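This report concerns only the one structure given below.
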Amino acid sequence: MMRHSIATVSLSGSLDEKLRAIASAGFAEVEIFENDFLGFNGSARNVRAMAGDLGLKIVCYQPFRDFEGLPAPARARAFSRAERKFDLMGELGTELMLVCSSVHPLALGGVDRAADDFSDLGERAAKRGLRVAYEALAWGRHISDYRDAWEIVRRTDHANIGLVLDSFHLFARGLPVDPIRSIPGDKIFLVQLADAPALHLDALSWSRHFRCFPGQGDLPIVAFSEAVAATDYSGPQSLEIFNDQFRAAPPRQMAIDGKRSLIWLEDQIARRPNERRRDLVKLPPEAVCRGVEFVEFALDAPTARAFRTMLGVLGFRLVGRHVSKAVEHWRQGSINLVVNTEEKGFAHSHFVTHGAGVCAIALSVADAAAAMARAQRLKVDPFEQHVGPGELTIPAIRGVGGSLIYFTEPRGDLSHLWSRDFRPVDTKMPEGSLAHIDHVAQNMAYNEMQSWHLFYRSIFDLAHTPQVDIVDPSGLIQSEALVSADGSLRIALNGSMAPRTQSAQLLSDYFGAGVQHLALEAPDLLGAVEAMRELGLAFLEIPDNYYDDLRAKYDLGDDFAERLRRNGVLYDRDELGAFLQIYTNRFADRFFFEIVQRDSYTGFGAANAPVRLAAQARANQASKV
């Protein structure tokens with residue numbers, strides 16, 4: 001299996017806080033970043049003892065900068081600095097030092113000159129039983145390509161001098177991964193891993209602020225790791241992440257995310273058809289989701305009465321009551337909503353903490369036990385609570401904001417949820433006009449978005465869309481979506497760094513992250529909305545200016561455009577088809593419903609989001625007057 005390591009620079013906090021977080025996440029190895037040690041109020045021996053007590057092996061001290069290619073007398077000073085670092089490494093109990101390629105203005109080029117420097121350094125390291133690993137920085141003065149760094153190591157030809165392969169530095173320069181396969185694995189001393197979003201920035205700025213864990217970005221990190229695996233390298237695979245959000249987040253959660261990313265990455269490599277290494281750990285397969293089985297709302301009695309009225313106008317009907325709890329099953333098309341007014345148990349605790357809102361989502365997967373096993377292997381917390389005699393125990397894990405994700409499946413006991421746990425209710429209410437859940441929008445702090453991105457992507461077979469910036473009257477909201485191959489599951493993640501945006505206010509009002517709204521698909525949205533308006537349901541008011549612009553933007557026909565305006569329906573179009581959407585007002589100041597009609601359209605109406613957010617801001621302000 002891969003040896004999982006992480007550099008202390010990847011986390012926030014003091015060095016001792018970082019080490020505790022790293023150990024608690026299940027790491028056995030750690031890189032000590034020099035600045036973390038320099039700011040620590042203790043000796044190297046203290047750090048060594050602390051790491052040992054936590055079960056951590058210090059695999060590297062880094063970085064050592066501006067070493068190779070220096071003229072005299074700077075060369076002599078560089079070797080003097082190296083000797084002092086060797087002394088420190090002895091006290092730390094680590095035998096590997098990372099040297100990154102020089103950016104010194106006096107550094108001279110030349111592979112042979114650099115090889116001579118490393119040959120001398122290798123001799124000094126050997127006398128102490130130490131090793132030196134050389135890394136090509138993407139912005140190095142003379143060496144910025146790992147292939148050139150490897151040529152220096154090859155010409156040095158010293159047992160104590162090896163290579164560092166860093167995924168970010170390779171991809172920042174657009175370098176190929178296939179040449180890695182020809183490097184002997186025993187000459188690779190350290191592999192460092194970092195993903196990143198696709199951004200058009202200079203390499204240094206990109207590196208210093210936007211690295212992220214494998215699986216959170218857009219770099220072909222699996223292809224890199226697959227090439228490394230082909231060398232039979234058996235040393236540490238270490239995360240080295242420079243990220244402003246990570247360094248502002250709780251270190252324990254970031255350490256867990258880091259461990260999760262490495263487990264996910266190892267599983268990805270192990271599943272490659274041509275992978276010849278048998279020591280790599282393979283997890284149960286990514287859960288293939290077939291849609292949302294149900295959404296559960298935690299309410300008290302007064303809000304439940306108003307919510308039932310709203311559901312009735314939306315076309316839902318009460319079809320079942322739980323055999324032992326104050327829980328109702330409401331249905332329309334393939335949409336199942338659960339209304340929980342219990343005064344004890346998880347839903348009640350969620351209501352007390354967050355107020356009225358969604359406390360759980362159940363996802364239908366091909367194999368619930370395998371999905372649960374995969375999630376737990378990825379360090380996701382399971383959830384269990386008491387059930388009554390004969391009732392189903394539905395496997396569940398903790399999700400966004402402390403909510404739950406249940407796993408159901410189309411066969412076996414879990415397919416009998418509605419007949420086993422609920423008694424049918426006789427009702428003459430007609431079938432409604434909504435067909436299924438189109439997507440679930442979850443609101444969270446901006447610095448949590450990458451964590452939940454990795455959570456969903458590592459457990460489920462989902463692809464992600466690029467993050468987009470949406471203009472709110474009070475700032476920017478960032479949004480991205482994770483979507484299953486067949487579109488049966490769409491999860492939108494929303495967050496904002498601006499404190500007065502609606503995303504931030506919902507976070508405050510909701511006392512934490514949670515479901516912002518549910519989007520329900522209607523085959524005939526306009527007909528459905530007109531019927532709901534006749535029954536008294538109020539929708540978000542959209543200004544006429546929007547419809548004037550819409551007529552100029554698209555050739556919709558006067559009758560259709562007027563029908564959109566009269567009903568407050570938003571419209572968008574992409575290269576594949578059209579999209580209609582409308583929003584209810586907020587319920588209990590917590591969440592709202594969106595109704596959509598998706599005609600081969602793949603997006604989420606991002607072009608309409610600024611208009612919607614401005615309308616919601618007006619509505620919210622008016623409600624407070």
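The values are calculated or read from the model by the stated rules, or taken from the named source; none is laboratory data. Predicted model only: the values in this text are computed from it and were never measured. As a convention, Cβ positions derive from the backbone with ideal geometry for all residues, glycine included, and neighbour counts pool all protein chains shown.
Just to be sure before I move on: is ASP300 surrounded by fewer than 19 Cβ atoms within 10 Å (Cβ to Cβ) and out of contact with any Ser or Thr (no Cβ under 8 Å at 6 or more places or on another chain) in the structure I sent?
Answer is no for this residue.
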**Complete:** Checked PHE210, PHE246 against criteria (of a type in the set (Phe, Trp, Tyr), out of contact with any Ser or Thr (no Cβ under 6 Å at 6 or more places or on another chain) and free of Cβ contacts under 8 Å to residues at least 40 places away in the same chain); the one match is PHE210
**Asked** How about region 395-414: which of its residues are part of a helix (DSSP H, G or I) and closer than 16 Å to VAL288 by Cβ?
**Response** LEU414
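Pick from PRO197, PRO214: which is in the same structural domain as ASP157 (by TED's automatic domain parsing), at pLDDT below 95 and either part of a loop (DSSP other than H, G, I, E, B) or closer than 23 Å to ALA463 by Cβ (or both)?
After applying the criteria, what remains is PRO197.
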**Message:** Take the residues in region 418-446 that are more than 30 Å from TYR601 (Cβ to Cβ) and in contact with a Leu (Cβ under 9 Å, 6 or more places away or on another chain); name whichever of them is modelled with the lowest pLDDT.
**Reply:** MET429
**Request:** Give me the pairs, please: first residue somewhere in region 275-287 and closer than 19 Å to ALA396 by Cβ, second residue anywhere and small (Gly, Ala, Ser) and part of a loop (DSSP other than H, G, I, E, B), beta-carbon distance under 8 Å, and either six or more positions apart or on two chains.
**Result:** ALA287/ALA366
**Asked** Within the set of pairs 6+ apart or on separate chains, which have a first residue in region 191-206 that is free of Cβ contacts under 8 Å to residues at least 40 places away in the same chain and within 29 Å of MET2 (Cα to Cα), a second that is basic (Lys, Arg) and surrounded by 20 or more Cβ atoms within 10 Å (Cβ to Cβ), and C-beta atoms under 6 Å apart?
**Response** ALA196/ARG211
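Test SER207 against the stated conditions and say whether it is among the polar types (S, T, N, Q) and either in a loop (DSSP other than H, G, I, E, B) or modelled with pLDDT of 95 or more (or both). Outline the logic, then answer.
Values: among the polar types (S, T, N, Q): yes; either in a loop (DSSP other than H, G, I, E, B) or modelled with pLDDT of 95 or more (or both): no.
Spelling it out, it is not the case that SER207 is among the polar types (S, T, N, Q) and either in a loop (DSSP other than H, G, I, E, B) or modelled with pLDDT of 95 or more (or both).
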**The one condition in (1) farther than 22 Å from ARG423 by Cβ; (2) in contact (Cβ under 8 Å) with a residue 12 or more places away in the chain that VAL352 fails to fulfil** = (2)
**Request:** Kindly establish whether GLY69 is in a loop (DSSP other than H, G, I, E, B) and surrounded by fewer than 18 Cβ atoms within 10 Å (Cβ to Cβ).
**Result:** no
**Asked** How about region 329-349: which of its residues are touching a residue at least 12 places away in the same chain (Cβ under 8 Å), within 22 Å of GLU384 (Cβ to Cβ) and charged (D, E, K, R)?
**Response** GLU342, GLU343
**Message:** Please verify whether ASP53 is touching a Lys or Arg at 6+ places or on another chain (Cβ under 9 Å), at pLDDT 95 or above and among the acidic types (Asp, Glu), treating the condition exactly as stated.
**Reply:** no
**Asked** Which one of these is within 29 Å of VAL515 (Cβ to Cβ) and in a loop (DSSP other than H, G, I, E, B): PRO285, PRO273?
**Response** PRO285
**Residues of region 238-268 classified as farther than 16 Å from LEU454 by Cα and crowded, with 23+ Cβ neighbours inside 10 Å, total** = 3
**Request:** Look at GLU594 and say whether it is in the same structural domain as ASP544 (by TED's automatic domain parsing) and touching a residue at least 24 places away in the same chain (Cβ under 8 Å).
**Result:** yes
**Item:** Single match in LEU525, LEU580, LEU570, LEU537 (criterion: touching a residue at least 12 places away in the same chain (Cβ under 8 Å), closer than 26 Å to LEU506 by Cα and either in contact with a Ser or Thr (Cβ under 9 Å, 6 or more places away or on another chain) or of a type in the set (Gly, Ala, Ser) (or both))
**Value:** LEU537
**Request:** State whether one or more residues within region 322-330 are at positive phi and in contact with a strand residue (DSSP E or B) (Cβ under 8 Å, 6 or more places away or on another chain).
**Result:** no
**Item:** Single residue of region 504-518 satisfying the filter (more than 18 Å from the chain's Cα centre (by Cα) and of a type in the set (Gly, Ala, Ser)) that is nearest to ASP461 (Cα to Cα)
**Value:** ALA504
**Request:** Identify, from the list VAL365, VAL339, the residue that is over 17 Å from ARG290 (Cα atoms), modelled with pLDDT of 95 or more and among the β-branched types (Val, Ile, Thr).
**Result:** VAL339
**Asked** Does SER261 satisfy the criteria of being in a helix (DSSP H, G or I) and farther than 27 Å from ALA356 by Cβ?
**Response** yes
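Picking from ARG181, ARG77, which residue would you name as being of a type outside the set (Gly, Ala, Ser) and either out of contact with any Ser or Thr (no Cβ under 9 Å at 6 or more places or on another chain) or crowded, with 18+ Cβ neighbours inside 10 Å (or both)?
ARG77
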**Request:** Select from region 74-103 the residues that are part of a helix (DSSP H, G or I), aliphatic (A, V, I, L, M) and free of Cβ contacts under 8 Å to residues at least 60 places away in the same chain and list them in ascending order.
**Result:** ALA74, ALA76, ALA78, ALA82, LEU88, MET89
**Complete:** Residue set ALA609, ALA622, ALA531, ALA578; condition among the aliphatic types (A, V, I, L, M) and exposed (fewer than 15 other Cβ atoms within 10 Å of the Cβ); output residue ALA622
